[in-house]
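Visitor: For reference, the structure I am asking about is given below.
Every read-out reported here was derived from the displayed coordinates using simple, explicitly stated rules and does not represent laboratory data. Remember, it's a predicted structure, so these values are computed and weren't measured experimentally. A quick note on method: Cβ atoms are made from the backbone with ideal geometry, for glycine too, and the neighbour counts reach across all protein chains shown.
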Ligand code: ADP
Ligand code: MG
């Protein structure tokens with residue numbers, strides 16, 4: 001589904017990604033972890049064309065992300081992205097946040113979009129929040145709205161960048177629970193997170209990054225059992 005091959009990226013002299021390769025098959029859930037500044041956000045932004053890269057190739061299905069002529073808006077609509085800070089439109093109701101992109105980007109009718117929005121809000125456990133504005137919701141609720149908005153585009157894969165790290169502790173599980181359900185439904189997912197409980201529950205593989213490199217890419221049992229690299233061992237000893 002997503003194939004990253006030998007990707008390198010520089011900001012001027014600074015190399016932020018170093019020869020990264022990673023394959024995510026359809027239905028797989030990959031957790032990406034590693035120290036702050038190791039390039040995790042940059043890597044997943046490259047996957048949906050939000051960041052350019054200078055070397056290597058990224059394919060989503062049969063679309064090459066870096067190639068000239070690739071329709072990036074269309075590609076982005078097929079890959080859902082959920083950020084740390086929700087990034088909802090603050091001046092629109094929850095309903096409008098989820099409905100508008102369906103109408104604008106997919107050309108769905110208003111009625112069909114509305115029906116889809118209601119279904120998704122039910123699935124996220126938010127059936128009665130449709131007419132509120134983002135600021136009237138808790139962080140955990142806002143993040144579930146952001147997930148609903150991404151799902152409304154019928155994405156082939158979902159990318160999450162530290163989706164719970166801006167949340168108060170008591171709200172983390174309500175977001176992780178919908179992500180677990182999504183994973184169990186077979187969604188292809190790449191999740192940057194330090195929530196190792198989530199990784200243990202649903203990840204197929206854990207990828208560990210350090211200083212722009214993918215240092216480890218292992219089935220979760222192997223990663224948690226005996227990480228090969230010292231850097232991953234040290235990292236785990238600090239967060240577990
Ligand atoms: P992570 O998500 O793992 O914390 P990032 O991908 O956000 O790491 O950043 C990786 C490195 O790239 C960091 O050292 C960061 O300072 C640097 N970086 C990120 N964005 C820019 C930018 N626009 N210009 C220069 N350096 C950047
Ligand atoms: Mg980051």
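Visitor: Once the piece of chain linking residue 68 and residue 87 is laid out straight, how much longer is it, given 0.36 nm per residue of separation minus the C-alpha distance between them? Each step should come with its number before you reach the end.
Guide: Working: separation 19, 0.36 × 19 = 6.84 nm, distance 2.82 nm.
Taking 0.36 nm per residue and subtracting the Cα distance, the gain is 4.0 nm.
Visitor: Report P(r) for region 60-207: all Cα-Cα distances, bin width 5 Å, range 0 to the bin holding the largest distance, values in whole percent.
Guide: Final binned percentages: 2, 9, 19, 22, 21, 14, 9, 4, 0.
Visitor: With angles folded into 0 to 90 degrees, how steeply does helix 230-239 sit against the dominant principal axis of the chain? Use alpha carbons for both and round to 10.
Guide: 40
Visitor: A further question follows. Using helices alone, I'd like the mean residue ellipticity at 222 nm for the chain: each DSSP H run of four-plus residues gives -39500 (n - 2.57), total over residue count, nearest 500.
Guide: -11500 deg cm²/dmol
Visitor: I would also like to ask the following. Stretch residue 170-residue 136 to full length: gain in nm at 0.36 nm per residue minus the Cα-Cα span?
Guide: Using 0.36 nm per residue and subtracting the Cα-Cα distance, I get 10.5 nm.
Visitor: Run the numbers on region 1-111 and let me know its relative contact order in percent, using alpha-carbon pairs under 8 Å that are six or more apart.
Guide: Worked out over region 1-111, it gives 23 percent.
Visitor: Starting from 0.36 nm per residue, how many nanometres of slack lie between residue 54 and residue 128 once their C-alpha separation is accounted for?
Guide: Taking residue 54 through residue 128 to full extension adds about 22.0 nm, to one decimal.
Visitor: Give the calculated FRET efficiency between residue 26 and residue 104 to the nearest 0.05, with a Förster radius of 35 Å applied to their Cβ-Cβ distance.
Guide: So, using R0 = 35 Å, E works out to roughly 0.80.
Visitor: What's the exposure ranking of 32, 147, going from fewest to most Cβ atoms within 10 Å?
Guide: With the sparsest Cβ surroundings first, the list reads 147, 32.
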